[in-house]
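Right, one structure below, let's go through it.
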Amino acid sequence: MCLPVRDQSMMNWLKKQLRMLEAWGDEIATRPETETNTMLQLETHCSWLRAELARLEDIRFAQAA
């Protein structure tokens, strides 16, 4: 992401997306037909989204101070 998100509803939406991706990952991890590459891609995306959310929260905190 290139711009800080000032809208709390957008932050909440992004957090919900992360929870849904994590839940999907938990579900497909139990399926024998799931390819390792799929799990790696999903974990990479979740890691990226976690990092972006942390960065955006830091920016929001700094702006509020």
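About the Cα centre of the chain, what is the dipole size in debye to 20, counting +1 per Lys and Arg Cβ and -1 per Asp and Glu Cβ, all else neutral? If you can, show how the numbers build up before the last one.
Values: 8 positive and 10 negative charges, 71 e Å.
That gives the chain a dipole magnitude of about 340 debye.
Taking the longest Cα principal axis of the chain as reference, the axis of helix 8-29 is set at about 10 degrees. Along the Cα-to-Cβ line of Gln8, 7 Å from the Cα, sits a label point; which residues in the stretch 31-65 have backbone N less than 15 Å from it? Within reach of a label on Gln8, which here means backbone N under 15 Å from a point 7 Å along Cα→Cβ, the stretch 31-65 contributes 57, 60-61, 64-65. The angle separating the long axis of helix 36-64 from the principal Cα axis of greatest extent in the chain is about 10 degrees. Each peptide in 31-38, 18-25 receives the mean, over its residues, of other Cβ atoms within 10 Å, and ordering these scores from highest gives 18-25, 31-38. Calculation over all alpha carbon pairs of the chain in 10 angstrom steps from 0 returns a P(r) of 20, 44, 23, 12, 2 percent.
Read-outs: derived from the displayed coordinates by stated rules, not from any lab. Values in this document were obtained by computation on a predicted structure and should not be read as measured data. A quick note on method: Cβ atoms are made from the backbone with ideal geometry, for glycine too, and the neighbour counts reach across all protein chains shown.
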